[in-house]
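**Student:** Dumping the structure here so I can ask a few things about it.
Since every read-out is calculated from the coordinates, none of them should be taken as a lab result. These numbers come from a predicted model, not from an experiment. Here the Cβ positions follow ideal geometry from the backbone for every residue, glycine too, while neighbour counts run over all protein chains shown.
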Amino acid sequence: MAVVEVERCDGYAVLTLNRPEAMNALSAELRTRLAQVVRELEADPAIRVLILTGAGDRAFTAGLDLKELGAGASIADAVDVEDPVKSIEQFSGPVIGAINGVAITGGFELALACDVILAADSARFADTHARVGIMPGWGLSQRLSRAIGVYRAKELSLTGNFLGASQAADWGLVNRVLPAAELLPAARQLAEDMLSVVPEMLVGYKKLIDDGFAASFGDGLAIEADRARANAAVTAEAIERRREAVRARGQAQTG
């Protein structure tokens, strides 16, 4: 049984964390395989969007495999060598998280690494680092506060309390909440929508948003201006053709 299942579609791939008997816990084997798979897909020009989900209906992933750690596996290796967040960041195109159940601690960090987060109505999020006695090492302490605000982040991280899907949507943590049966179809449709934009924009615009978000507001504006100038050689004919396509799409989506 593959610990990471890969379904290749037209322009995108669905990656499924596949240890349902262990709530898709992030064992060393799974983390290593995830990194390998993402590298392979990044090198494949036919795949431009990823969807990341978990097997079964209980868990996206329950985080680090605590049984493995309890048996003597190294926490330092998990932080420094087998970081699944860095694995996801190897992919230059958009990554859609389809959160199908609980996303706990390391699983929460992996969800936060995605560019767009869709959640089943059964999804729940929790940061239990403080309860287990392990400091986060995959970015949760910094990403979560930037996503939902520092006060809400402290509430979650310093209690270990669970956050339901509806509350996560209210706090801006997830893009939208769907019935479980509609989660993957919605993620697939979103991937197809992304694939319909100008191809080079999919990577370039994502990088612009990420680079600007990591900078100060003023520096972010400067980054945008520089890249706008570098991307200014679009022909009038191309703009007009694309404008007509945008107009037709807008009419179809409001009709």
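**Student:** Given R₀ = 22 Å, FRET efficiency for Asp193-Arg242 by Cβ-Cβ distance, to 0.05?
**Tutor:** My answer for the efficiency is 0.90.
**Student:** Show that you can apply the helix-only estimate: for the chain, add -39,500 (n - 2.57) for every DSSP H stretch of four or more residues, divide by all residues, and state [θ] at 222 nm to the nearest 500.
**Tutor:** Result for the chain, helices only: -15500 deg cm²/dmol.
**Student:** Note down the nm distance, to one decimal, between modelled labels 7 Å out along Cα→Cβ at Leu221 and at Asp10.
**Tutor:** 4.3 nm
**Student:** What order, most packed first, do the peptides 158-164, 90-96, 116-122 have when packing is the mean number of other Cβ atoms within 10 Å of each residue?
**Tutor:** Taking the mean over residues of other Cβ atoms within 10 Å, the ranking is 116-122, 90-96, 158-164.
**Student:** Follow-up question, since we're still on this one. In debye, nearest 20, what is the charge dipole magnitude of the chain about its Cα centre with +1 on Lys and Arg Cβ and -1 on Asp and Glu Cβ, if you could check?
**Tutor:** The dipole magnitude comes to about 480 debye.
**Student:** Can you spot the lysines whose alpha carbon is less than 20 Å from Lys206's alpha carbon? Ignore those fewer than 8 places along the same chain.
**Tutor:** Lys86
**Student:** Give the cross-link partners of Lys67 among the aspartates and glutamates, using a straight C-alpha distance below 20 Å as the criterion and excluding same-chain residues fewer than 8 apart.
**Tutor:** Output for Lys67: Glu21, Glu29, Asp77, Asp80, Glu82, Asp83, Glu109, Asp127.
**Student:** Ok, one more. For the Cα atoms of the chain, what angle does the longest principal axis make with the long axis of helix 28-42, in degrees from 0 to 90, nearest 10?
**Tutor:** 10 degrees
**Student:** How do the peptides 226-234, 15-23 rank, highest first, by the average count of neighbouring beta carbon atoms within 10 Å per residue?
**Tutor:** In descending order of packing, they fall as 15-23, 226-234.
**Student:** Could I ask something else about it? Quick one: helix 199-213 against the long Cα principal axis of the chain, what's the angle to the nearest 10°, folded into 0 to 90?
**Tutor:** 60 degrees
**Student:** What ranking do 27-37, 174-184 get when scored by the average of other Cβ atoms within 10 Å per residue, highest first?
**Tutor:** 27-37, 174-184
**Student:** Taking 7 Å along the Cα-to-C-beta vector as the label spot, tell me the Asp210-Asn231 distance in nanometres, rounded to one decimal.
**Tutor:** 1.5 nm
**Student:** Please report the antiparallel percentage of the DSSP beta bridges confined to the chain, to the nearest 5.
**Tutor:** Approximately 25 percent, going by the DSSP bridge assignments.
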